[in-house]
Amino acid sequence: MKRWGKILLWGGLSFYLIGSAIFLGIKYNSLICKEIEIEKNEKNQNEFIEKTDIIAMISKVQKQIIGFPLNKMNLHEIENLISQHPAVRKVEVYKTLDGILHIKIEQRNPILRIINQKNESFYLDEEGFLLPLSQRYAAKVPVANGNISEHFLLKTSKNILNLQTDDSNKPVSITKDLYYLALYLNENKFMKSLISQIYVNNEKKIELIPRMGDFVIVFGNIENFEKKFRNLEIFYRKAVRNVNINQYKQISVEFSNQIVCTFR
């Protein structure tokens, strides 16, 4: 009797599980989209892309969204389409049993805005990707301008670390240099608070403009740039305590083993 009781128990449980799976499968396949929930997982609160932008992109492959069967939506196609937006770093699209189409987006994090000689402007993110400007949102990052001739077409995501310019066969050089400097500034709290602008002069040498003070920091090229930044930080911390740093017209860290100050 005990044996038959166990058989009946497990048989009933199996029947229940199979029936539940069939019921859930039927319910899942008959789901109608009731709502679109868009979640932007942002560590820096960027607003390059909004809900209206995402819905407009989805509409290119899915004309009707609300009231349309979820099982007939090509979620993979929707995911691929959204991922092509230059400001999108990562996207995940999925549906749930409550009839909601979920879209999770992580936007790229800009670390520098570049304005080239043609007055074209774009952002560089922390991974080296180029981002177009937004008409609704401006990121609070340092600006690089001056003798920057490199030009890019930003229809899709591009990474300057493995890219050539669009108008020549010359490799990207100045933009890469600016990327490495901006990345260092972004990761160093002291330098990030100090520098507001990077300027490329006519000799292709880099000059840094501080947020406070009426002087220029001559940086030269990016050779030994980490050592130059360390020397600048040590000097700046000591100079602020001991002298009026605004008495200088120029501070040069072009040579990594010395700092040369020019008085007004």
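Hey, can you tell me all the residues within segment 76-91 that are surrounded by 15 or more Cβ atoms within 10 Å (Cβ to Cβ) and either among the aromatic types (Phe, Trp, Tyr) or farther than 17 Å from SER59 by Cα (or both)?
Those that are surrounded by 15 or more Cβ atoms within 10 Å (Cβ to Cβ) and either among the aromatic types (Phe, Trp, Tyr) or farther than 17 Å from SER59 by Cα (or both): PRO86, ALA87, VAL88, ARG89.
Could you tell me which numbered condition LYS228 fails, if it satisfies all but one of (1) loosely packed, with under 12 Cβ neighbours inside 10 Å; (2) in a helix (DSSP H, G or I); (3) among the charged types (D, E, K, R)?
LYS228 satisfies every listed condition except (1).
Run down ILE32, ILE36, ILE54 and say which single residue is more than 30 Å from ASN147 (Cβ to Cβ) and touching a Gly at 6+ places or on another chain (Cβ under 7 Å).
ILE32
Among the residues of segment 43-74 satisfying the criterion of being of a type in the set (S, T, N, Q) and closer than 30 Å to LYS140 by Cβ, which is farthest from the chain's Cα centre (by Cα)?
Going through the qualifying residues, I end up with THR52.
I'd like the full set of residues that are at pLDDT below 85 and either in contact with a strand residue (DSSP E or B) (Cβ under 7 Å, 6 or more places away or on another chain) or small (Gly, Ala, Ser) (or both), limited to segment 211-258.
Selection gives GLY213, ALA239, GLN247, TYR248, SER256.
Give me the strands (runs of 3 or more DSSP E) completely within segment 94-207, filtered to those with at least 2 residues that are among the hydroxyl-bearing types (Ser, Thr, Tyr), surrounded by fewer than 19 Cβ atoms within 10 Å (Cβ to Cβ) and at pLDDT 90 or above, ordered by residue number.
195-200
Return the residues of segment 245-264 that are farther than 12 Å from PHE215 by Cβ and either of a type in the set (D, E, K, R) or part of a strand (DSSP E or B) (or both); say none if nothing qualifies.
GLU254, VAL260
Say whether the condition of being of a type in the set (Val, Ile, Thr) and without any contact (Cβ under 8 Å) to a residue 12 or more places away in the chain is met by at least one residue in segment 140-160.
Within segment 140-160, none of the residues are of a type in the set (Val, Ile, Thr) and without any contact (Cβ under 8 Å) to a residue 12 or more places away in the chain.
The values are calculated or read from the model by the stated rules, or taken from the named source; none is laboratory data. What you see is a predicted model; the values in this text were computed from it and never measured. Cβ coordinates were reconstructed from backbone atoms using ideal geometry, including for glycine residues, and neighbour counts include every protein chain displayed.
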